[in-house]
1. Taking the stretch 101-158 as the region of interest, how many residues are over 24 Å from SER299 (Cβ atoms), aliphatic (A, V, I, L, M) and not in a loop (DSSP other than H, G, I, E, B)?
2. May I ask you to say which residue of SER254, SER171 is among the small types (Gly, Ala, Ser), within 16 Å of ligand 2 (Cβ to nearest atom), under 21 Å from MET310 (Cα atoms) and out of contact with any strand residue (DSSP E or B) (no Cβ under 8 Å at 6 or more places or on another chain)?
3. Across the stretch 94-114, what is the number of residues that are of a type outside the set (Asp, Glu), surrounded by 21 or more Cβ atoms within 10 Å (Cβ to Cβ) and within 15 Å of ligand 1 (Cβ to nearest atom)?
4. Looking only at the stretch 329-351, count how many residues are closer than 29 Å to PRO151 by Cβ, crowded, with 20+ Cβ neighbours inside 10 Å and out of contact with any Ser or Thr (no Cβ under 8 Å at 6 or more places or on another chain).
5. Which residues, counting only those in the stretch 317-342, are touching a residue at least 24 places away in the same chain (Cβ under 8 Å), farther than 19 Å from GLY134 by Cβ and either of a type in the set (Val, Ile, Thr) or assigned to a helix (DSSP H, G or I) (or both)?
6. Of these, ALA216, ALA165, ALA221, which one is within 16 Å of ligand 2 (Cβ to nearest atom) and within 19 Å of GLU324 (Cβ to Cβ)?
7. For the structure I just gave you, tell me whether ILE319 is within 16 Å of ligand 1 (Cβ to nearest atom) and aliphatic (A, V, I, L, M).
Amino acid sequence: MEVIPNHTQTVAGWAAMNESGKIEPFIFKRRETGVDDVVIKVQYCGMCHTDLHFIHNDWGITMYPVVPGHEITGVVSKVGTNVSGFKVGDRVGVGCIYASCLDCEHCRRSEENYCDKVTLTYNGIFWDGSVTYGGYSNMIVAHKRFVVRIPNNLPLDAAVPLLCAGITVYSPMKQHGMLQSGGSLGVVGLGGLGHVAVKFGKAFGLKVTVISTSPAKEKEARERLKADDFIVSSNQKQMLAKTRSLDYIIDTVSAKHSLGPILELLKVNGKLVLVAAPDQPVELPSFPLIFGKRTVSGSMTGGMKETQEMMDLCGEHNITCDIELVSTDRINDALARLARNDVRYRFVLNIGGNSKL
Ligand code: NAP
Ligand code: ZN
């Protein structure tokens, strides 16, 4: 174990040690509790597809050992002397952003996610030079600015995916005007991010269409998630029938695909937001773009103010995620199922045991 000054708190976690992708128990150290820090006893951690990308080094940037996990909820166990907003016992969470410079134009607008010194919750480099380790672990130390309060009515397990999946779709929805009712939204890929986008779309009064490769998801999408329409993307007849029908599309597909047929579903001037991050470039043919004056944009999670706003909104409207709880001895099974698109709709690691808070 590498020794870093001030990293004195022992943590039990789970890590991938190399590209084989197998997760195994891993003991490591976190920093001492600083004056601005909040210490969290981790109860739950969501398993995002990004964890799989990092575990398998899909993007070529993984620093092993990698402790994944950026959808973290738990209870505050200690606070630094300069922390007034949180106290021991509070229900809190940490998402994708672990630190940023706190001083640039983006940080000043609480767009910490676009700070060029942003530190991700795992596989990032923190201010002290250490590599960050994520929420597949029983304790995390986080700067108070990057800690989110979880509303009392939201269970810590079903709320945990909101910290990545939730904010990642909420932020572009807000930016592109989807919080106003009346528009039509297409959600491509019904997984962790996609199912939250459907729930948000319905809560904001949009007409929501799911565009999926999985016909087996149609019944659930319509009945449980209240989607208004469902298109199987490989069915050309269904796709053609919905040409120029949507104002917005959020694309969450984790594998290589073409945006061409999807763009045809947008009205003239429609907007597609790509939040997915496949390891291969997506295809972007020019004709559907230019003939429909359409826009393709991207979005990377959300800032801290916006994350709290989204969480509070979910509290008000009682929006939670559809999850499958996984015990820590089944991490590898769950990751294998996630890789073959066999999850409804987010695996959540039950790190704190079975005791519900
Ligand atoms: P997920 O739960 O695995 O869902 C992805 C969905 O994509 C699947 O449910 C499936 O939907 C579809 N899909 C999967 N493989 C496919 C294939 N080979 N061809 C076509 N469709 C396929 O993943 P997630 O956790 O929602 O994450 C989705 C993507 O977003 C990942 O690339 C992740 O890294 C990225 N992400 C980005 C951000 C950001 O800040 N921008 C944040 C979090 C995650 P159907 O069965 O309905 O087709
Ligand atoms: Zn994520």
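1. Final tally of qualifying residues: 4.
2. Among SER254, SER171, only SER171 is among the small types (Gly, Ala, Ser), within 16 Å of ligand 2 (Cβ to nearest atom), under 21 Å from MET310 (Cα atoms) and out of contact with any strand residue (DSSP E or B) (no Cβ under 8 Å at 6 or more places or on another chain).
3. Residues in the stretch 94-114 being of a type outside the set (Asp, Glu), surrounded by 21 or more Cβ atoms within 10 Å (Cβ to Cβ) and within 15 Å of ligand 1 (Cβ to nearest atom): 7 in total.
4. 8
5. Listed by number, the residues that qualify are HIS317, ILE319, THR320.
6. Only one candidate passes the filter, namely ALA165.
7. Spelling it out, it is not the case that ILE319 is within 16 Å of ligand 1 (Cβ to nearest atom) and aliphatic (A, V, I, L, M).
Yes or no, residue by residue, for (1) crowded, with 19+ Cβ neighbours inside 10 Å; (2) under 29 Å from THR73 (Cα atoms); (3) of a type in the set (Ser, Thr, Tyr):
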{"residue": "LEU163", "(1), (2), (3)": "yes, yes, no"}
{"residue": "PRO172", "(1), (2), (3)": "yes, yes, no"}
{"residue": "PHE204", "(1), (2), (3)": "yes, yes, no"}
{"residue": "ARG224", "(1), (2), (3)": "no, yes, no"}
{"residue": "GLN238", "(1), (2), (3)": "no, no, no"}
{"residue": "SER245", "(1), (2), (3)": "no, no, yes"}
{"residue": "GLY260", "(1), (2), (3)": "no, no, no"}
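Here, each number is a calculation from the coordinates, and none is a lab measurement. In this text, all values refer to a predicted model and were calculated from it rather than measured experimentally. For neighbour counting, all protein chains shown are included, and Cβ atoms are generated from backbone atoms with ideal geometry for every residue, glycine included.
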